[in-house]
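Working notes for the structure below.
The values are calculated or read from the model by the stated rules, or taken from the named source; none is laboratory data. Small disclaimer: the values here were computed from a predicted structure and weren't measured. Here the Cβ positions follow ideal geometry from the backbone for every residue, glycine too, while neighbour counts run over all protein chains shown.
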Amino acid sequence: MAYSTFQEQAIYQSVEDLAAWLVPHVGQWPKWLRPTLGHHTMEALMGVLRSLVTAYGVPKAEKLQHLRMASAELDGLRLLLATAVTLRLTSRPQYAHASGLIGNVGKQLGGWLGQVR
């Protein structure tokens, strides 16, 4: 069955779940860090979403580069959240929760990459 919109894809729901947790979490970080670490964290999240939406809409020959970009952005997001733990902005249990959400996106992204290859 073909999907009519990207929003019907399961990976979109996983990214939406991640965003629903991450955006308010970053909003609780100290005000002085939000324009730097917070901004980069949100940009990584939006980069994942932008790359996935783009990959959905391009011909198969072009999908791989966008899916790889989404994967790189997801790795960057993991690193930024690990930094937040180091800076005590995110607790270890919160990081574990976020890692599970990121891992879910990563599994689905890996499956999509496998289909495209």
Q) Regarding ARG68, is this residue of a type in the set (Lys, Arg), touching a Ser or Thr at 6+ places or on another chain (Cβ under 8 Å) and either in contact (Cβ under 8 Å) with a residue 12 or more places away in the chain or outside any helix (DSSP H, G or I) (or both)? A) no
Q) What tally of residues in region 13-44 results from selecting those that are surrounded by 18 or more Cβ atoms within 10 Å (Cβ to Cβ) and not in a helix (DSSP H, G or I)? A) 0
Q.
Name the residue that is surrounded by the most Cβ atoms within 10 Å (Cβ to Cβ), counting only residues in region 79-101 that are in contact with a helix residue (DSSP H, G or I) (Cβ under 6 Å, 6 or more places away or on another chain) and assigned to a helix (DSSP H, G or I).
A. LEU81
Q. Quick one: which of ALA55, ALA61, ALA72 is modelled with pLDDT of 95 or more and hydrophobic (A, V, I, L, M, F, W, C)?
A. ALA72
Q: Mind listing just one residue for me: the one in region 1-27 that is of a type in the set (Ser, Thr, Tyr) and closer than 24 Å to GLY38 by Cβ and, of those, modelled with the highest pLDDT?
A: SER14
(Q) Can you tell me which residue is nearest to the chain's Cα centre (by Cα) among those in region 45-70 that are β-branched (Val, Ile, Thr), over 26 Å from THR86 (Cβ atoms) and surrounded by 15 or more Cβ atoms within 10 Å (Cβ to Cβ)? (A) VAL53
**Q.** region 96-117 residues that are modelled with pLDDT of 90 or more, paired with ones that are basic (Lys, Arg) (beta carbon under 6 Å, 6 or more apart)
**A.** ILE102/ARG78
